[in-house]
Structures are given as C-alpha cells and as structure tokens.
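One structure is given here, and the rest of the page talks about it.
The values are calculated or read from the model by the stated rules, or taken from the named source; none is laboratory data. Fair warning: this is a prediction, and the values are worked out from it, not measured in the lab. We place every Cβ from the backbone using ideal geometry, glycine too, and count neighbours over all the protein chains shown. The area values use the complete protein model at the heavy-atom level, side chains included, leaving out ligands, DNA and RNA. Shrake-Rupley method; radii C 1.70, N 1.55, O 1.52, S 1.80 Å.
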Amino acid sequence: MSFPTAQATFLGRPLMRASYSGARGITPCVALVDAPPQDRPTAGVGPLSLTCGGTVTLPDMAVQSAVLRNIGHDEAPRWRWSVHLLDHRWRWQFGSISFDWNRRLPDGKVDPATRKTPQEMATELLLAMGEVGFDVSRMPQNVYPRMVGTAVPARALAWLCDYVGCEITGGEFASVVIHRIGVGNELPSGGTERHTQVRMTPDVRPSKLVLQGGPTVYQSKLKLSAIGREQSGETKLVDEVSYKPTGWSTQSPFSFPGVAGADRPPAFETIWRWFRVTGQADGSLAVPGCPETVTKLEQLFPLGTHLLEYGRDLDDVDRVLPAYLEGVYWPYGDLPENSEDFTRWIGGFQLAADRGVVSLPYPVFKLSSIGTFEEPELYLTTTYNVRSEDGTRFDGLRRERTIGGSGGEFVIARPELFASVKADYDGGTSPSGLTTTTADAIEEADAYLDLFEQRFSEAETSEMEYAGIVPIALDGAIQQVRYQVGVKDQPLTRASRNFEFDVHAPSAAQRKRAESHESMRETLRV
Amino acid sequence: MIPADIRAAFLRKGWKRFTCSEDVPPFAVMRVASADTKDGEIVYTTAKPDATFCRHYMVNGPFYVTAGQEGLCSTLADAGFVQYNSASTPAVGEVWGPKPGQWTLEKHSCGFEIQGGVKTTAGVTAVVAVQHHVNMLIGKADADIDHEASGACSVYMGEAGSETDTTWNVTAFNRTEDIAEGDWVSLTCMNGQWYCAGLECPTEEEE
C-alpha cells in the first residue's frame, strides 16, 4: 500500500514520528514525537505540523520533556529523542481572577449589580486567560450560575462550562469555541475512511433528569407568645411557669413583687422579654402558599433573620432588610395607651433562630383598659424554609423530565436556584395575597433541563479511522481525535463521537476530576 | 438589630417603687405613709390623701396598681400626668392640689401647677402638671392662739373670698399678736415648722 507523503515538523525541524491525541477541556494534551539523535531538542515553544494529505498545525506546543531512547538493541542501537509536547493549553494553568457573579437576592432573583450570563462570564474568563478570537455564542443566555471567589481563569471556565452543559474546544489551536455538550458535527466522510462507520446508542442513559434547586424561602407574619424560663432552664408559656403569681396582670414588670427567691433571676430575664413563635399570625400552622403539611413549628426552624425584601444602598447594591416585630404593646409612653395595631417595634431584639424565640432588651407588655399588665400582641415577620413532616427534606424547587433511558434519575443540583413566596397582609393577620418568584425559578430550572436533555439525547456513539491527516475539529459531539504520522507508520487520523476511544489517555472524567481537585485548593465556589 | 431605646421618656421620670393597701388608678395622687427598702431599692408605702396635710405628694405612674402589689410613682418634680377632678377643667397656670379622701387633684388647692395637656382618653382624666413644695397656706385658728404659743389651724382653700375648710389642720406657732378663735390666719412653713400670723383687720375698739 502506498502512503501519501507524510511529514511532521516541530519548530520547522523534521521529526521521525509524531502522534497527538486531542480532547476537549482545559487540560493540555500531549504530542509524542521522535526526533533523530543528532537533532538534540531544546526547550522551546512553537508549532507542530502533521501533514499527509491534509495538514494539522498545533500552533503553540511546548516541550515538556525529552529523553534519549534506544529503540534497537545493544549490538545495534538505534537512538531516538523521545519528546513530549504540550498543546497551547499549557498556558492555562497560570493566572488568577476574582469574581462575584450572579449573587442571589433574598427572593431568589439575581442581583442586577452582579448579573452575568454564561456567555459574559466565559468572555471575561477567556480574556483573563489571554485568549483572542474565541467563540462563546453557543453558550446559554438564560441561566445564571453563581460564581464567587478567586481562581485560575481556566479552571473557573471549566467549572462554568461543566455547570451549564458545555465543553471547551479549540484550546489546542488557540482558537477556543465553546460548544453545548451533545450538539456537534457528524464525523467527516471524504473517501479516506478505513472502515465502515458503526453507530450504536449505548443503553446507559438516565431515565429521568431531575433538577434539584434550593429550598423555597417563605416569608410570613408569625404570631409570638410570651414565655418564661424555669430555674431548670425549661421554657414554658408565661401562664404555665411554676412561679407564676396569682396573675401577671398585677405584677409590675419592673419589680415582680410576687416572685420570690431564686425564681426572680429567670423571671427578670424572660417574663415579658421572651416570646416564642406559636404559629402563623392567623393562629394556623399552614404556611401561606406552601404545599407542605405543617403539623409542628419545628418544620419552620431555623428561622431566617432577614426578609425577602431588599433596599438599594448608596453603592447601588441591593441589601437585605432585617426581620421585624410589630404588634400592640405599651410603647413606654407617658400615658397608659397601647400602640396602634401592627405598630413596628423599634426597640431591637434578638432571634434564637433554631428555637423561634425572640428576646427583647426590656419588658414589653400591653395595658388593659384600666392599666393592668397583659400579654402584648406581637408578630415576627421573617423568612424560613419548610421541612417535610418527617423532617427528611425541605420543600423546594424540583423539576423532572423523562428522557427515556434505562438508568435511574440524573440529579442536577442547583442549590442557588430557589423560589420564594411572600405572604402579603392588608393590615390584618390573614394573608391578602402572595408574591412569588416561583415562575422565574422554574423558567431557569427548565433552561438547565433543556441543556442537559440535549446532552443525553445525542448519545449515539461512532468512531472512524482515516488514512492520512484529516483535520477534524472537536465540538459538542466529537470528543476525541488522534493524528499520527511516522517514517514507517501509516499516517492515520482517528476520531470518535460521543465517546473517547483512547483508553490509555486520561478520560474526560478523569481530567475533570483532576481539575476539580485543583479547584478545591482555590476559593471558587457556587 | 441595634436597639433604639424607646423607653427614653419613661426613664426620665425618676420612678420609685411603691405599694398601697388600696387599688391605685393610673396617675393618682398619693401621700407617703412610710418608706422601706426591698431588693436594695426604696419602696414607699402610700395611701390616699387624708386629713393630714402633706407638703409633698407622690403620683402613680401610668399603670393600675392592685392593692398590695407594686407600682411606680414619681414626685412630678418634672412635669407629668396627674389625675384631676373632672368637675372642673384645669387651665394652664392654675394651681391645683390634693384633697382628703380622693386620688384626684382639686381646683383651688395647692402644690401642682397646671401646664396643660388635658387628657380624657386612654381611660384617664389627667393633666400635665409639675409639683412644688407648699410653704404658704391660708386658714382659720381653731382656738385662741396667744402670742408665742402654738395652736391648731384649719386650712382653707377655694375661690378667693369663698374659701372653705379643707378639713386639713396644721399646728402653727404664733410670733405675732394674740389670735382669736375663728380669725383668718396666714400659715407659713419655715425651718420645717408652721407659723401663723393673723390676717384680721383690727376693729375700731381695738384701735
């Protein structure tokens, strides 16, 4: 069989043999080249060209190692320089970039001050990597991954692409194109194929995609009841504490004359100062807008310390607003007059979020019509998540899509993506309506499902070997390509679609694991 | 959350603890019967004003204090609310005062200068007043009081020219000429003691 004229050069110098397996991602792939013994390699960076019919030029290869090998035997040695070259991506292990993108506001929306689409994020990262002429147009525009920290730009880009179902290609040619996984070209057919293309669809696809978002954040008005602490530390409703005098109504909260001895410290610390959440403002346990059945308050704990609402500060940054108390109480005025209904408490408070207990810095009570002491009507407006009755899961965003594979569920965890439901009140204790961001969260969740459905819908694998060098660009489907030329070898090109044929090279999964380990040393996080 | 101390107005009053054997309505005027300490704090025992005239009274705070329980009272040295008898309406600048047998201030009495702010809501009939020490009274000698002798005098209060016996009595020392029973006297508190001086004009015979 006659081969087309084959030639391989590095830095313009001819090689005896060269092979290169290219794969997607940010990890540089290695070219193995053999040079004649008289042509001692030196450290350098430059183009590696493989020609046989077609030509592939890897423009920015760097010498990683060089050893002198005897490929003959002792009596008739045949010396070769065996050189490892790293493709352009060797440059990507350097650099640093800090970012704070797509911070979520308390209601789950993306803070406009930090909002960036994946295309915009990738552009910034690629520029930080020193790349030019890249193409990120295939990346999605309708999802907003949270990225905050400091990282090597390429690792951040790898994380981002992985998160939005994309792959980085073209790094070996210093001409990056980011593709969606599963979307790509067929293997070329130009007459130099060495065998028939065999296609098959492996039965390893999941049956269902599940997007698991974060817990839904609810905000409502919660009723508070006065509690007291016993000497033992046990807390009880104020009327059930063991040291309760005949009635609290006649007990001055400033001296508690009817409480004696060792009961006085807990009384002074807690009576009319500690209040515990006992349900929704209307007395029920049902959380407005929540499908979960609530039978005990612990399902709402720990409570949040902020609201879903936010306000813009002088730096144009939306800042969360704190939880607040309101109600009817004696406002320490000159008269025995209680506050109006739902008067905001401005005296400060502390919230023991895990117990739902509000503690006030001084006694807060209400006065009866004749001026005796009564329990105030207090309400805490704050946010919380809702657990299931059995406590095993939070009520949260979950979207499913059946894709027809034979496997189980493929869970896409997107904890930064959550819905919020705010109960609105029109001057009463019963909600007058709900304000939610559920639709926005579902839209973004479904956008992620679209991305990953694409990834699994194109699962058909195929592989082809070509005589000579056939330049084949990697994309969202074509995962690996191998070029090989040599003085005595048949020049070959081999490429695979939706799988990696080279079991000797680190697989895509292995490379990503290694990249993740590197990222763990950095501060990149969701 | 940084606490805003909404108690600012309340804390400016200089409250003292007190207890009373009767129910005490908000802003009631009380006389001090005795003082003791409890939990390291002064606790007054108070009572409704009675026939014993006091130069200084306490005023209950805004809470209803049940008999035998504790409340907070102040001297109203700084202005504050105090209950008044709604038979009349206090006006700024008037001086009202306690009356034996009632928790409320009475017009044409003494000790509390009205500053306004009549409040008839929130279950009270109260007005803003400030208390001052009473050092001068008008009254009548209950019996002849000779020169350099002491005698009982009834304290009279009311609209000028129509004063009536308040039933309060003070014992006063006479450094002036003899005073006959039933004569009008001015009563002045000096060095913690009451002195009386006749206010009757001498008759022609006496002249």
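Residue B:95: within 11 Å of the chain's Cα centre (by Cα) and without any contact (Cβ under 8 Å) to a residue 40 or more places away in the chain, yes or no? Steps first, please.
Working: within 11 Å of the chain's Cα centre (by Cα): yes; without any contact (Cβ under 8 Å) to a residue 40 or more places away in the chain: yes.
Yes; evaluated as a whole, the condition is true for this residue.
Considering segment A:362-397 alone, what residues qualify as being farther than 26 Å from residue B:83 by Cα and of a type in the set (S, T, N, Q)?
Of everything in segment A:362-397, those that are farther than 26 Å from residue B:83 by Cα and of a type in the set (S, T, N, Q) turn out to be A:381, A:382, A:383, A:385, A:388, A:392.
Identify all residues within segment A:82-132 that are closer than 30 Å to residue A:16 by Cβ, open to solvent by less than 40 Å² (accessible area, probe 1.4 Å) and of a type in the set (S, T, N, Q); write none if there are none. Steps first, answer last, please.
Pass one, segment A:82-132, residues closer than 30 Å to residue A:16 by Cβ: A:82-93.
The next check asks that each one be open to solvent by less than 40 Å² (accessible area, probe 1.4 Å); those that pass are A:82-83, A:85-89, A:92.
Within segment A:82-132, just A:82 meets the criteria.
Residues that are closer than 24 Å to residue A:332 by Cα and surrounded by fewer than 19 Cβ atoms within 10 Å (Cβ to Cβ): does segment A:276-287 have at least one?
Checked segment A:276-287: no residue is closer than 24 Å to residue A:332 by Cα and surrounded by fewer than 19 Cβ atoms within 10 Å (Cβ to Cβ).
Hey, does segment B:174-185 have a residue that's crowded, with 16+ Cβ neighbours inside 10 Å, within 30 Å of residue A:339 (Cα to Cα), at pLDDT 95 or above and not hydroxyl-bearing (Ser, Thr, Tyr)?
Initial filter on segment B:174-185 (crowded, with 16+ Cβ neighbours inside 10 Å): B:174, B:179, B:183-185.
Now narrow it down to the ones that are within 30 Å of residue A:339 (Cα to Cα): none.
There is no residue in segment B:174-185 that is crowded, with 16+ Cβ neighbours inside 10 Å, within 30 Å of residue A:339 (Cα to Cα), at pLDDT 95 or above and not hydroxyl-bearing (Ser, Thr, Tyr).
Among (1) in contact with a Leu (Cβ under 6 Å, 6 or more places away or on another chain); (2) under 13 Å from residue A:384 (Cβ atoms); (3) surrounded by 18 or more Cβ atoms within 10 Å (Cβ to Cβ); (4) within 14 Å of chain B (Cβ to nearest Cβ), which single condition is residue A:325 missing?
Residue A:325 satisfies every listed condition except (2).
Restricting to segment A:385-403, name every residue that is under 16 Å from residue A:417 (Cα atoms) and assigned to a strand (DSSP E or B).
A:394, A:396, A:397, A:398, A:399, A:400
Looking at segment A:197-236 only, could you name the residues that are among the charged types (D, E, K, R), open to solvent by 60 Å² or more (accessible area, probe 1.4 Å) and part of a loop (DSSP other than H, G, I, E, B)?
Scanning segment A:197-236 gives A:199, A:203, A:234.
In segment A:43-53, how many are open to solvent by less than 20 Å² (accessible area, probe 1.4 Å) and touching a residue at least 60 places away in the same chain (Cβ under 8 Å)?
The total comes to 2.
From the list A:396, A:347, A:391, which one is within 14 Å of chain B (Cβ to nearest Cβ) and either surrounded by fewer than 20 Cβ atoms within 10 Å (Cβ to Cβ) or free of Cβ contacts under 8 Å to residues at least 24 places away in the same chain (or both)? Even if it seems obvious, please write down each step before you answer.
On the way: A:396 fails: within 14 Å of chain B (Cβ to nearest Cβ); A:391 fails: within 14 Å of chain B (Cβ to nearest Cβ).
Answer to the selection: A:347.
Give the residues of segment A:133-145 that are assigned to a strand (DSSP E or B) and either open to solvent by 70 Å² or more (accessible area, probe 1.4 Å) or among the aromatic types (Phe, Trp, Tyr) (or both), sorted by residue number. Give the derivation first.
So the first thing to find is which residues in segment A:133-145 are assigned to a strand (DSSP E or B), and the list is A:135.
Hits for segment A:133-145: nothing passes.
Each row is one residue, and each column tells you yes or no for (1) facing chain A (nearest Cβ under 8 Å); (2) open to solvent by 20 Å² or more (accessible area, probe 1.4 Å).
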| residue | (1), (2) |
| --- | --- |
| B:20 | no, no |
| B:28 | no, no |
| B:33 | no, yes |
| B:68 | no, yes |
| B:71 | yes, no |
| B:85 | no, yes |
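Please enumerate the residues belonging to segment A:306-322 that are open to solvent by 50 Å² or more (accessible area, probe 1.4 Å) and more than 12 Å from residue A:218 (Cα to Cα).
Applying the first criterion (open to solvent by 50 Å² or more (accessible area, probe 1.4 Å)) to segment A:306-322 yields A:306, A:309-310, A:312, A:314-316, A:319-322.
The answer is A:310, A:312, A:314, A:315, A:316, A:319, A:320, A:321, A:322.
I'm told residue A:234 meets every condition in (1) in contact with a strand residue (DSSP E or B) (Cβ under 8 Å, 6 or more places away or on another chain); (2) away from every other protein chain (no Cβ under 14 Å) except one. Can you identify the failing condition by its number?
(1)
Take the residues in segment B:116-147 that are within 14 Å of chain A (Cβ to nearest Cβ), open to solvent by 50 Å² or more (accessible area, probe 1.4 Å) and assigned to a loop (DSSP other than H, G, I, E, B); name whichever of them is nearest to residue B:176 (Cα to Cα). Give the derivation first.
Here is the first cut: in segment B:116-147, the ones within 14 Å of chain A (Cβ to nearest Cβ) are B:116-130.
Going one step further and asking which of them are open to solvent by 50 Å² or more (accessible area, probe 1.4 Å), we end up with B:118-121, B:123.
When the remaining residues are screened for being assigned to a loop (DSSP other than H, G, I, E, B), the result is B:120-121, B:123.
Working: B:120: 47, B:121: 50, B:123: 50 Å.
Restricting to residues being within 14 Å of chain A (Cβ to nearest Cβ), open to solvent by 50 Å² or more (accessible area, probe 1.4 Å) and assigned to a loop (DSSP other than H, G, I, E, B), the top hit is B:120.
Do the conditions hold for residue B:62, that is, is it more than 9 Å from chain A (Cβ to nearest Cβ), in a loop (DSSP other than H, G, I, E, B) and under 23 Å from residue B:118 (Cα atoms)?
For residue B:62, the condition - more than 9 Å from chain A (Cβ to nearest Cβ), in a loop (DSSP other than H, G, I, E, B) and under 23 Å from residue B:118 (Cα atoms) - is not met.
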